[in-house]
Amino acid sequence: MSDNSFGKLFSFTSFGESHGPGIGCVGDGAPPRMALCEDMIQPYLDRRRPGQNRFVTQRQEEDRVEILSGVFEGQTTGTPIGLLIRNKDQRSKDYGDIARQFRPGHADYTYQKKYGIRDYRGGGRSSARETAVRVAAGAIADLFLKQALGTSYRVRGGVVQIGPHRINRDNLDWDNCDSNPFFCPDAEAAAAWEGYLDDVRKQGSSAGAILEILADGIPAGLGQPIYGKLDTELSAAMMSINAVKGVEIGSGFAAAAMDGREAGDEMRKGPAFLSNHAGGILGGISTGEQIVVRIAIKPTSSILTKRRSIDEDGNEVELLTKGRHDPCVGIRGVPVAEAMMAITLADQLMRHHAQCGILPTD
């Protein structure tokens, strides 16, 4: 029961640790004769790559992807696609002082309890370093969906809140996400967040974030009615990302405060929905409307402030985490969440086709 794989028909299995020789994954289910090369995957990884500005970890990794299998003469062969990303800037000495201590907020304690052994260097397998291979697998899923669904399809995401500071939705412009270091769709909020995060770093602390991930051009009909619901699997995909502590679809928790006359998305001929509180999913099946997912990411647990904890012998200790860490890990979570959205949608599209024999239609 290793549970290092995600997906059923379109799936990937990841491997590797933060300070090992490299990380990678084996993707399975991609159709044959799909154009694919390393240069097509690399732009996705470049968006997540560390060290690009002062608001993310300064670990310098090129995150260059290598295709080891499953591609011949620029096309997928229908066999498993092996992907490898080599680690080049590990500083394992930063973690020597805490080899037997449990960092608050990290998985150190639970990994030790589960396995009786753990790789303490940067968190080993529990490190957010693993998410790079999700982005690589998500690139393949995204390329497949573009081929299958056409130009109306698009997955995109952004940071809509850092700490207590939210965007102003009157300023919403998703094209802004690529022009600031926060993937923020509100240029004014992004400017204000710079000062806020600088102050957080000076205080030796960190901040959490809320991300919003959207999928357009998804046909009605994807998802299963009970145990394979689209929203169930999207929630599982997002909750599998490091530091995610909450997921909501559409209006999410706000729907509990709505009047029933407002909450239900009315319809007119077309068909056309007059609102989208459901976030593009009803009864576990896509409606054809925009799919809306938001995730809450806790503050980075590694901070430059002494914290109280215990060691492996149960002794009380005070520890200070060294190393290079994101003041807000949610920022680089955007490409990861986009990838998990694309992987889930690709898997559900293939499962629909396998059962119904056709792509969903209106």
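Remarks
- Share of alpha-carbon pairs per 5 Å distance bin for the stretch 166-263, given as whole %: 2, 9, 14, 16, 20, 18, 11, 6, 3, 1
- With the highest mean first, a sort of the peptides 202-209, 278-285 on other beta-carbon atoms found within 10 angstrom per residue produces 278-285, 202-209.
- Extension gain (nm, one decimal) between residue 191 and residue 358, 0.36 nm per residue minus Cα-Cα: 55.4 nm
- Solvent-free Debye scattering, log10 I(q)/I(0), computed from the Cα coordinates of the stretch 157-219 at q = 0.17, 0.24, 0.29 Å⁻¹: -0.56, -0.98, -1.27
- Förster radius 25 Å - calculated FRET efficiency between residue 113 and residue 86 (Cβ-Cβ, nearest 0.05): 0.20
- Rg and Dmax, both from the Cα atoms of the stretch 124-195 and both in Å, are 15.4, 43.
- Each peptide in 330-342, 115-127, 302-314 was scored by the mean count of other Cβ atoms within 10 Å over its residues; highest first, the order is 330-342, 115-127, 302-314.
- With bins 10 Å wide beginning at 0, the percent of Cα pairs of the stretch 303-356 falling in each bin runs 19, 22, 20, 19, 14, 7.
- Cross-link reach list, lysines versus residue 306, counting only Cα pairs under 25 Å and skipping chain neighbours closer than eight places: 93, 113, 202, 245, 298, 322
- Label-zone membership for the stretch 21-45, site residue 9, 7 angstrom Cα→C-beta point, backbone N under 16 Å: 28-32
- Accessible carbon and sulfur surface of the stretch 108-265 relative to its total accessible area, %, 1.4 Å: 51 percent
- Gain on full extension, evaluated as 0.36 nm per residue between residue 97 and residue 46 minus their Cα-Cα distance, stands at 15.1 nm.
- Per-residue packing, averaged as other Cβ atoms within 10 Å, sorts the ranges 265-273, 242-250 into the order 242-250, 265-273, beginning with the highest.
- Inter-label distance, nm, simple model (7 Å from Cα along the C-beta direction), residue 308/residue 179: 4.9 nm
- Distance between the 7 Å Cα→Cβ label points at residue 269 and residue 290: 2.7 nm.
- Calculated [222 nm] ellipticity per residue, helices only, for the chain: -8000 deg cm²/dmol; basis is -39500 (n - 2.57) per DSSP H run with n ≥ 4, divided by all residues, nearest 500.
- Estimated FRET transfer efficiency when R0 is 41 angstrom, pair residue 68-residue 254 (beta carbons, to 0.05): 0.35
- Sorted from longest to shortest, the spans of the Cα atoms of the chain along the three principal axes equal 65, 52, 38 Å.
- Global form of the stretch 63-211, assessed from the alpha-carbon gyration tensor, a/c cut-off 1.5: oblate
- Linear extension gain, residue 220 paired with residue 276, 0.36 nm per residue minus alpha-carbon span: 18.8 nm
The values are calculated or read from the model by the stated rules, or taken from the named source; none is laboratory data. All of these numbers come straight from a predicted model, not from anything done at the bench. Here Cβ is always computed from backbone atoms with ideal geometry, including for glycine, and neighbour counts include all displayed protein chains. Keep in mind that these areas ignore ligands, DNA and RNA; they rest on the heavy atoms of the full protein, side chains included. Shrake-Rupley method; radii C 1.70, N 1.55, O 1.52, S 1.80 Å.
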